[in-house]
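Chemist: I'd like to ask some things about the structure below.
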Amino acid sequence: MAERETSVGPSLSPSPKTLLEVRNLRKSFGSLEVLKGVNVKAAKGDIVTLIGSSGSGKSTLIRCINFLEEPSAGEIVLDGQVFPALGEHRRTRKHNADLIALRRKVGMVFQSFNLWPHRNALENVMEGPVQALGVPRKDARERAHSYLEKVGLGDRTDHYPSQLSGGQQQRVAIARALAMEPEILLFDEPTSALDPELVGEVLRVMQGLASEGRTMIIVTHEMQFALEVSSEVVFLSKGNIEERGAPSDILRSPKSEALASFLQRYRS
């Protein structure tokens, strides 16, 4: 009997598993359709950057991913679990429980920090693990210390938000999101509320997180940052994805007139 032929060629690495998928997402506010059937995917370790003009739907999209905005249609798939839009239907108890589970896996960093003004940096970071995850206070305190060190604020643990600069407050907010130890981090224009001289300190923290292989979806107007850290750049225009691809292709060789015009504003 003839011997079985054996392949000696190189084996192909399996494709990374899709961690997050946004499927045909639509969102309307009354008669205004802000998202018109958007599809986005991210595998573990991907950094997907959303760019576009004000009103293009970027922030609405990222807020729909964790249902801070209720999508009008479509679905979010996280690690294989489907979270459908309810549209006009009322939430059930099960759906609410599912959303709590979703938000434990998806961290969010907002434009405006959203820190508790009456709690210091350490207490702000501890709050989520204690209240949402049931982490014992001693363990949560150690976790909060660790993440504040990570963002360069180990010496500011007892400072209140009013005693911190905007950049420091945003770094506390990043530590707060990290303390929940989510699978995905969402950033909604995290530097847009900062004075120009404070932007760099926040971007450096985010670059550090990117180098660790964290999965991140980022809305930003920082084009150089997007070029340096993204695995994919997605350009939204009027609620649609106009272009998407590798950052060097999208940001250096735009194909659509809308993207070329958008980028021109950052080059002039």
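The values are calculated or read from the model by the stated rules, or taken from the named source; none is laboratory data. Treat the numbers as computed from the prediction; the structure is a model and nothing was measured. Backbone-built Cβ (ideal geometry, glycine too); neighbour counts: all protein chains shown. Heavy atoms of the whole protein, side chains included, go into the accessibility calculation; ligands, DNA and RNA do not. Shrake-Rupley method; radii C 1.70, N 1.55, O 1.52, S 1.80 Å.
Chemist: What accessible surface, in Å², does a 1.4 Å probe find on Lys138, ignoring ligands, DNA and RNA and rounding to the nearest 10?
Modeler: Roughly 140 Å² of Lys138 is accessible to a 1.4 Å probe.
Chemist: Please compute, for the alpha-carbon atoms of the range 207-268, the extent along each of the three principal axes and give them in descending order in Å.
Modeler: Its Cα atoms span 35, 25, 17 Å along the three principal axes.
Chemist: Take the Cα gyration tensor of the range 126-268, multiply each eigenvalue by 5, square-root it, and list the three semi-axes largest first, rounded to whole angstrom.
Modeler: 33, 17, 12
Chemist: To continue, here is another question. Report, in deg cm²/dmol and to the nearest 500, the calculated mean residue ellipticity at 222 nm for the chain, where each DSSP H run with n ≥ 4 adds -39500 (n - 2.57) and the sum is divided by the residue count.
Modeler: So the calculated ellipticity at 222 nm is -11500 deg cm²/dmol.
Chemist: Here is a further query. Which loop-located GluC sites (Glu not before Pro) does the range 176-268 contain, where loop means any DSSP state but H, G, I, E or B and the Cβ has at most 11 other Cβ atoms within 10 Å?
Modeler: Glu212
Chemist: A further question follows. Please compute the Kirkwood hydrodynamic radius over the range 46-143, one decimal place, Å, based on all pairs of different Cα atoms.
Modeler: 15.8 Å
Chemist: If you don't mind, another one. With every protein chain left in place, what is the accessible area of Ser31 in Å² (1.4 Å probe, nearest 10)?
Modeler: 130 Å²
Chemist: How much of the DSSP beta bridge set in the chain is antiparallel, as a percent to the nearest 5?
Modeler: 60 percent
Chemist: Sticking with this structure for a sec: Counting every Cα pair in the range 116-180, what percent are over 12 Å apart?
Modeler: Values: 1254 of 2080 pairs.
So the pairs more than 12 Å apart make up 60 percent of the total in the range 116-180.
Chemist: Hey, can you find the accessible area per residue of the range 14-59 for me, probe 1.4 Å, expressed in square angstrom?
Modeler: Values: 2210 Å² over 46 residues.
Accessible area per residue, the range 14-59: 48 Å².
Chemist: Something else: May I ask you to give the percent of accessible area on the chain that is carbon plus sulfur, with a probe radius of 1.4 Å?
Modeler: Numbers: 6600 of 13940 Å².
Result for the chain: 47 percent of the exposed heavy-atom area is carbon or sulfur.
Chemist: Let me check I've understood the local charge: for Leu236, count other residues with C-beta under 14 angstrom from its C-beta, Lys and Arg +1, Asp and Glu -1. What total comes out? Walk me through the numbers on the way to the answer.
Modeler: Values: positive: Arg26, Lys27, Lys36, Lys58, Arg63, Lys238, Arg244; negative: Glu33, Asp188, Glu189, Glu232, Glu242, Glu243.
Once positives and negatives cancel, what remains is +1.
Chemist: In addition: Given the chain reduced to its alpha-carbon atoms as identical point scatterers, what log10 I(q)/I(0) does the Debye formula return at q = 0.09, 0.12, 0.13 Å⁻¹?
Modeler: Each listed q maps to, in turn, -0.45, -0.77, -0.89.
Chemist: With the cut-off at 21 Å, tell me which of the pairs Lys17/Lys255; Lys41/Lys105; Lys27/Lys58 have Cα atoms farther apart than that.
Modeler: Over 21 Å Cα-Cα: Lys17/Lys255.
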